[in-house]
Structure formats: C-alpha cells, structure tokens
C-alpha cells in the first residue's frame, strides 16, 4: 500500500481528469475516494481512459472507497454502486467513513447536508456494520477493510468483536492536532494511520471553527527555509516520518508534483520533534459541526 495518497475530496468533476492525469504522471498510485465526494463518475471515466490508453494498468492502482453514513444498514449495494460509478471490479480498500450512522434516505450517490438534527441519527451498532464490511472482503469486492475517524476507545472495542481487524484508520493529522496517542495505538496494533488535512488551509471552510493554517506557522516557515523546500513538502515529510500515510489534495500541477516529491525529504529527528511539539492546538474537521455529535471525545 503506497504511503502518499492522492485525495479527491472537494475536486469538482469537471477538474478531476486533469488533476488525476498530472498525479498519475507524477507517480501517484493510491487514490482516496468516497461516495459522498460526488465525483465517482468523473474519476471512473478518467481512470478507464488512462487504463485503456496504456498510461497505467489497473494492477498499479490502489483505490480507497467509503460508503456514506446513510448506507450503513445495507452496505453491499452502496459498495457495488460506487464500484460501478468508478468502473472498477474491486476496491483496494473500503473504509467506514465515520463511526456514526444516519437514517437511510434512499439517495445513492448520497448528498451531504450538514445538520445538528439528532433525529437524523440512526443508532445502528458498529459491530453489525463491520460484519458487512468483513463479508465484502470475503466476497472479493474489496481487498482490505479499514475505518476513518475512529478514536482509541472505538478501535479497542472493534478489536474485540472483529473477525477481520481494520488495516487502516484515516484520521485528521496536523501539527495542531498530531494525534500522538491515537497514532501510537494504531502502530501498536498494526493499523496504519492515514493522515488527512496535514497541509490544510481552513480559511474558506465554513464548517471549521479553527482557522489557523499550518503552512503559515513560524516553526514550519523556519524549517522549510532550512531544508530549502516549501512548507507543504515539510509537513508531508513530517507526517511520513511518523510512519503515517498522507492524503494530499491539489488541482495545481506544480503542487501535485511538489507534494509527491516530498517523499524524498528526510528530516532530522530534532526537527520532527519540533513540528510534533507545536503548542497551538485545534481541530479542523469537528463532526459536531456536521452532525451535532461530539464523536471525537
């Protein structure tokens, strides 16, 4: 499983082909998708064209998928529908997007409407959802299964009831939210942490109450000058140095390529510790703003 992952969240369908083409040419082979991102059809069209034209083979690609929260009572159809839109026969990995279910609304592809209306929450047991995920792997529709946004407590519980343990936990990781204990727990139990929003700029994110940008932090600026790299590359290298995968997203050719090249950067131990010890704390993706529930506590 590659450790640097091409993210597709918030990339419009009209722009996804160009971004993916640049990314694949740069060397990305691991692509993160989700049904709620609303661009599976466009991703599928692009990947099929790239494969048919010989730019890449299907075997080289490792695709992550995620069902939405309204599909937890019957995940198999959601998985099959996503595969159909993506023009794939299997996922490299399929993740539970959040440890929360919403009442089925019959929409597939799903539509995200942030709401703190707790009447929309479906109190469906996680172990029943995970049983369905295990069956998808048994069937060969997915090669492996994992989770996203799971806390230590939820992982501890899952390790007790699961027949197939999660291979990954996709979580927010930034210098402002380094997740030290959660990352250590994942490593201890051979669960690969995949970090998202490592280089996030929240300025235009209405759901993020924390507005500080890691790219503008003075420690990051000083160290990026030391290594003669841009701040984004420094942050990616920091996360990789902690044995975490990194999901990076951009539509700008220079940044797509630069992010990929960050894998070459080796940081000194003391600089990794400096970045891991930034005193400002904050969470970009607080599920309370989207669902009205404090899932991360």
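The values are calculated or read from the model by the stated rules, or taken from the named source; none is laboratory data. Here the structure is a predicted model, which is why all the values come from computation and not from measurement. Here the Cβ positions follow ideal geometry from the backbone for every residue, glycine too, while neighbour counts run over all protein chains shown.
For the subset of the stretch 177-214 comprising residues that are more than 18 Å from residue 249 (Cβ to Cβ), touching a residue at least 60 places away in the same chain (Cβ under 8 Å) and assigned to a loop (DSSP other than H, G, I, E, B), which member is nearest to the chain's Cα centre (by Cα)?
178
What are the residues in the stretch 186-210 that are touching a helix residue (DSSP H, G or I) at 6+ places or on another chain (Cβ under 8 Å), surrounded by fewer than 18 Cβ atoms within 10 Å (Cβ to Cβ) and farther than 21 Å from residue 289 by Cβ, if any?
Residue satisfying the conditions is 189 alone.
Please find, among 4, 20, the residue that is under 14 Å from the mean Cα position of the chain (by Cα), closer than 16 Å to residue 250 by Cα and crowded, with 17+ Cβ neighbours inside 10 Å. Explain how you work it out, then say what you get.
Details: 20 fails: under 14 Å from the mean Cα position of the chain (by Cα).
Result: 4 is the single residue among 4, 20 that is under 14 Å from the mean Cα position of the chain (by Cα), closer than 16 Å to residue 250 by Cα and crowded, with 17+ Cβ neighbours inside 10 Å.
Taking the stretch 282-291 as the search range and keeping residues that are assigned to a loop (DSSP other than H, G, I, E, B) and touching a strand residue (DSSP E or B) at 6+ places or on another chain (Cβ under 8 Å), which one is surrounded by the most Cβ atoms within 10 Å (Cβ to Cβ)? Show your work before the answer.
So in the stretch 282-291, the residues assigned to a loop (DSSP other than H, G, I, E, B) come out as 282-286.
Those left that are additionally touching a strand residue (DSSP E or B) at 6+ places or on another chain (Cβ under 8 Å): 282-285.
Working: 282: 15, 283: 18, 284: 22, 285: 19.
If we take residues in the stretch 282-291 being assigned to a loop (DSSP other than H, G, I, E, B) and touching a strand residue (DSSP E or B) at 6+ places or on another chain (Cβ under 8 Å), then 284 is surrounded by the most Cβ atoms within 10 Å (Cβ to Cβ).
Tell me whether the stretch 217-238 contains one or more residues that are under 22 Å from residue 97 (Cβ atoms), crowded, with 18+ Cβ neighbours inside 10 Å and modelled with pLDDT of 95 or more.
no
Check 99, 114 and return the single one that is touching a residue at least 60 places away in the same chain (Cβ under 8 Å), crowded, with 21+ Cβ neighbours inside 10 Å and assigned to a loop (DSSP other than H, G, I, E, B).
Within the list 99, 114, the selection yields 99.
So which residues in the stretch 44-74 are over 30 Å from residue 122 (Cβ atoms) and part of a loop (DSSP other than H, G, I, E, B), if there are any at all?
Step one: list which residues in the stretch 44-74 are over 30 Å from residue 122 (Cβ atoms), which gives 45-62.
Selection gives 53, 54, 55, 56, 57, 61.
Would you check which residues across the stretch 252-281 are surrounded by fewer than 16 Cβ atoms within 10 Å (Cβ to Cβ) and part of a loop (DSSP other than H, G, I, E, B) and list them?
The answer is 252, 266, 268, 277, 279, 280, 281.
Just to check your reading of the model, which residue among 182, 83, 100 is touching a strand residue (DSSP E or B) at 6+ places or on another chain (Cβ under 8 Å) and closer than 30 Å to residue 49 by Cβ?
None of the other options fit; the residue is 83.
When the stretch 121-159 is examined, which residues are found to be surrounded by fewer than 16 Cβ atoms within 10 Å (Cβ to Cβ) and touching a strand residue (DSSP E or B) at 6+ places or on another chain (Cβ under 6 Å)?
Across the stretch 121-159, the qualifying residue is only 122.
For the stretch 110-130, check the following and say yes or no: at least one residue is farther than 21 Å from residue 293 by Cβ and under 22 Å from the mean Cα position of the chain (by Cα).
No, there is no match, as no residue in the stretch 110-130 is farther than 21 Å from residue 293 by Cβ and under 22 Å from the mean Cα position of the chain (by Cα).
Could you tell me which of the residues 87, 25 is more than 19 Å from the chain's Cα centre (by Cα) and at positive phi?
Going through 87, 25 in turn, the sole match is 87.
Taking the stretch 165-176 as the region of interest, how many residues are outside any strand (DSSP E or B) and touching a helix residue (DSSP H, G or I) at 6+ places or on another chain (Cβ under 8 Å)? Walk me through it before giving the result.
Here is the first cut: in the stretch 165-176, the ones outside any strand (DSSP E or B) are 165-167, 173, 175-176.
Now narrow it down to the ones that are touching a helix residue (DSSP H, G or I) at 6+ places or on another chain (Cβ under 8 Å): 165-166, 173, 175-176.
Count: 5.
Taking the stated definitions as given, is residue 226 in contact (Cβ under 8 Å) with a residue 12 or more places away in the chain, farther than 22 Å from residue 289 by Cβ and either in a loop (DSSP other than H, G, I, E, B) or over 19 Å from the mean Cα position of the chain (by Cα) (or both)?
yes
Could you please give the count of residues in the stretch 75-88 that are free of Cβ contacts under 8 Å to residues at least 40 places away in the same chain and either crowded, with 24+ Cβ neighbours inside 10 Å or assigned to a loop (DSSP other than H, G, I, E, B) (or both)?
0
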